[in-house]
Amino acid sequence: MRADVPILTIDGPSGSGKGTISRIVAQRLGWHYLDSGALYRAVGVAAGWANADLSDPAALARLARDTVIEFRTDGSAEPRVLVDGTDATDELRTETAGAAASAIAAVPEVRAALFQKQRDFLRPPGLVADGRDMGTVVFPEAAHKVFLSASAEERARRRHKQLSDKGLEVTIDVLLREIQARDARDAQRVVAPLKAAPDAVLVDSTGIPVEAVVERVLAMVTSPGR
Ligand SMILES: Nc1ncnc2c1ncn2[C@@H]1O[C@H](COP(=O)(O)OP(=O)(O)O)[C@@H](O)[C@H]1O
Ligand SMILES: Nc1ccn([C@H]2C[C@H](O)[C@@H](COP(=O)(O)OP(=O)(O)O)O2)c(=O)n1
């Protein structure tokens, strides 16, 4: 237990801006960053590569334990993610990988296998951890907790822009349905469902620019109680 290392957790649904805000805040504070969703996505993708039986919790837990997931920051804003030595960064970001992650994330044995991998990110001078259960399960002792949200419609619009910037055309309606399905699955699962920690500060980013959200979160860490 590293009781001396400060932790900021940012949990929330898909497209609420967790990754964007966490990365900037971690960089401004000079803290480490854990993208826990990337771990779940990596296991989902590894399960696909291995043709694993998605209804076999033991096989999925083995994959979660044995898959080697590395984050390479080569100075760029977004790190490359290597899954068993293969650069899977682009594949991890697809909606298919997100859906696979959401499905395997409902398996308690997978969550247990990833628990220690996530705790290992806790190193001085501090950690920003983003996901669904960072403040509730993985880092319940965190001094700073945010639950970031935005309306489903705004999240679908953000994803649409993100995908069309990459040349991928998906309609907003399809994205909205996918977001609603993933929200429901993440919120209704029995283990570590998506919900705000009782001591989390709720931040609704609907219509709020990225920089304003960053400032709000930074103020929580640097001037707590304000
Ligand atoms: N406050 C905001 N206002 C507008 N767009 C945002 C905001 N926060 C994030 N975005 C954009 O929304 C998209 C999804 O953000 P992302 O950080 O990937 O969300 P999450 O990690 O919660 O799924 C990105 O294209 C990002 O640039
Ligand atoms: N701490 C976490 C992080 C992600 N997950 C699951 C649930 C999510 O639907 C998938 C993908 O998470 P990720 O944060 O990468 O997805 P979004 O960027 O929010 O769309 O993984 C989880 O169960 N617990």
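Please treat every number below as a calculation from the coordinates, not as lab data. Worth saying up front: this structure is predicted, and the values here are computed from it rather than measured. Cβ atoms come from the backbone with ideal geometry, glycine included; neighbour counts cover every protein chain shown.
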request  = Restricting attention to helices (runs of 4 or more DSSP H) lying wholly within segment 55-116, give those where 2 or more residues are within 15 Å of ligand 1 (Cβ to nearest atom), under 20 Å from Leu194 (Cα atoms) and out of contact with any Asp or Glu (no Cβ under 7 Å at 6 or more places or on another chain).
outcome  = 95-104
remark   = Taking segment 159-182 and keeping residues closer than 19 Å to Asp133 by Cα and either out of contact with any Lys or Arg (no Cβ under 9 Å at 6 or more places or on another chain) or among the basic types (Lys, Arg) (or both) leaves Gln180, Ala181, Arg182
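Residue-by-condition table, conditions (1) within 14 Å of ligand 1 (Cβ to nearest atom); (2) touching a Phe, Trp or Tyr at 6+ places or on another chain (Cβ under 6 Å); (3) within 30 Å of Ala3 (Cβ to Cβ); (4) in a loop (DSSP other than H, G, I, E, B):
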{"site": "Val137", "(1), (2), (3), (4)": "no, no, yes, no"}
{"site": "Glu154", "(1), (2), (3), (4)": "yes, no, no, no"}
{"site": "Arg157", "(1), (2), (3), (4)": "yes, no, no, no"}
{"site": "Lys161", "(1), (2), (3), (4)": "yes, no, no, no"}
{"site": "Glu169", "(1), (2), (3), (4)": "no, no, no, yes"}
{"site": "Gln180", "(1), (2), (3), (4)": "no, no, no, no"}
{"site": "Ala184", "(1), (2), (3), (4)": "no, no, no, no"}
inquiry  = Out of the residues in segment 181-226 meeting the condition of being closer than 30 Å to Arg111 by Cβ, out of contact with any strand residue (DSSP E or B) (no Cβ under 7 Å at 6 or more places or on another chain) and of a type in the set (Asp, Glu), tell me which one is surrounded by the fewest Cβ atoms within 10 Å (Cβ to Cβ).
reply    = Asp183
remark   = Matching residues in segment 97-144 (free of Cβ contacts under 8 Å to residues at least 24 places away in the same chain and out of contact with any helix residue (DSSP H, G or I) (no Cβ under 8 Å at 6 or more places or on another chain)) number 2
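Considering only segment 120-139, I want to know if a residue exists there that is over 27 Å from Leu202 (Cα atoms) and within 18 Å of the chain's Cα centre (by Cα). Reasoning before the result, please.
Applying the first criterion (over 27 Å from Leu202 (Cα atoms)) to segment 120-139 yields none.
There is no residue in segment 120-139 that is over 27 Å from Leu202 (Cα atoms) and within 18 Å of the chain's Cα centre (by Cα).
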